[in-house]
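Asker: Attaching a single structure in C-alpha cells format; questions to follow.
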Amino acid sequence: MGIKERQERDREAVRRAILDAARELFVAEGFRNVSIRKIAERIEYSPAAIYSYFPSKDDIFFALAEEGFTMLSAPEERTARLEPLAPLDRVRAIFWRLYEFSRDQPQYFSLMFVDRSVPRITREYERFAFVREMKARLAAQVQECIAAQVMPATMNPAVAVRVLTMGVLGVAVMRLSDRLGPQENADDLARDVLDVLIAGLQSGVALRSQGLMVCPQDEQQLTAEQPASDLRSVR
C-alpha cells in the first residue's frame, strides 16, 4: 500500500470515528445539546481536527442522514427482492422494510424521523435528490396497484404513501420509545397495522388528507426556493 492510499485510509477511519461518535451522542443527548467540542472529546481529537473533516455540526448530521437514507433505500437489495412480487406484495414489502430499518438501525432512524431539532435535509436539496426519487418510486408502486385493479382507481398514490408511512412510523416510534406493553410484540403489531391500512386503502375508504412527498415543514421552504414545476416533481 502506497503513502497516498494509507493516508486516504487513515482519513476515512477518522471520518468514520467522527460520524459514529456524533451519531451516538446525538441520539443519547439530542442534536441541539451536542457540540463539536463534545464530539471531539469523545474521540480524543481537537475541535479544529473535526472542522477539517466537517465544516459544521449540521454537516455531520447531513452525512449521517445520507448514510441512513442510503441504507433504507438499499437499491440493489430492493430490486432483487421486489421484482418477483405482485404489485400489492411489493408495497407491503417496501413499508415493512421501513419498519425493519427502525428496528435494525435505531440510531439512524431516531435521527432521521424522531429528533425534532435536527436540520432539514431540504437545505441540501441536490444532495438528497435520491430521497425525493425514492418517495416518487413509492407512489409509482401504489400506481401499479391501481393499474392492477387491486386498489381503487380513485386512490391518490401520494395520499396512500403518506398514510402507510404514518402507520408504520407510529409503531416504530412507540417501540423505540419503549411505550408498548410488556406482552406486546412490536413486529406483530407492525404487520397488523400494515395489513389493516392496506385493507382500508383497498376498500376505497374516503381519505381526507393530502399526499405530500416531502415533510410538511419542508414544504414551506421548498415553495420559497423552488419553482412550482419543480415542486410537483417531489409530491
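Asker: What lysines could a cross-link reach from Lys38, if we take a straight Cα to Cα line under 28 Å and drop same-chain neighbours fewer than 8 places away?
Answerer: Candidates past the 8-residue exclusion: Lys57.
Asker: Separate question: What do you get when you divide the Cα radius of gyration of the range 1-76 by 2.2 N^0.38 Å, with N the number of residues?
Answerer: 1.19
Asker: Now for a different question. Per-residue counts of other Cβ atoms within 10 Å, averaged by peptide: what ranking do you get for 102-115, 194-207, highest first?
Answerer: Result, highest mean first: 102-115, 194-207.
Asker: Skip the ligands, DNA and RNA, and give the accessible area per residue of the chain with a 1.4 Å probe, whole Å².
Answerer: Result: 55 Å² of accessible area for each residue.
Asker: Within 10 Å of each candidate Cβ there may be at most 16 other Cβ atoms; applying that plus a DSSP loop requirement, which GluC sites (Glu not before Pro) in the range 53-161 survive?
Answerer: Answer by residue number: Glu126.
Asker: So what's the angle, to the nearest 10 degrees on a 0 to 90 scale, between helix 216-225 and the longest Cα principal axis of the chain?
Answerer: Once rounded, one gets 70 degrees.
Asker: Taking Cα atoms of the range 1-159, Rg/Rh with Kirkwood Rh, to two decimals?
Answerer: Rg/Rh: 1.08.
Asker: How high is the FRET efficiency from Tyr51 to Arg123, r the C-beta distance, R0 22 Å, rounded to 0.05?
Answerer: Computed FRET efficiency for Tyr51 and Arg123: 0.70.
Asker: Assign unit charges at the C-beta atoms only (+1 for Lys and Arg, -1 for Asp and Glu), then state the dipole size of the chain relative to its Cα centre in Debye, rounded to the nearest 20.
Answerer: So the dipole magnitude of the chain works out to roughly 360 debye.
Asker: What part of the accessible area of the chain, given as a whole %, is carbon or sulfur when the probe is 1.4 angstrom?
Answerer: The computed percentage sits at 51.
Asker: Would you mind calculating the gained length between Ser177 and Ala28 on full extension (0.36 nm times residue separation, minus the Cα-Cα distance), in nm to one decimal?
Answerer: The Ser177-Ala28 span can extend by a further 52.4 nm.
The values are calculated or read from the model by the stated rules, or taken from the named source; none is laboratory data. Being a predicted model, the structure only gives us computed values, none of them experimental. Neighbour counts run over all protein chains shown; Cβ positions are idealised from the backbone, glycine included. Accessible surface areas use protein heavy atoms only, side chains included; no ligands, DNA or RNA. Shrake-Rupley method; radii C 1.70, N 1.55, O 1.52, S 1.80 Å.
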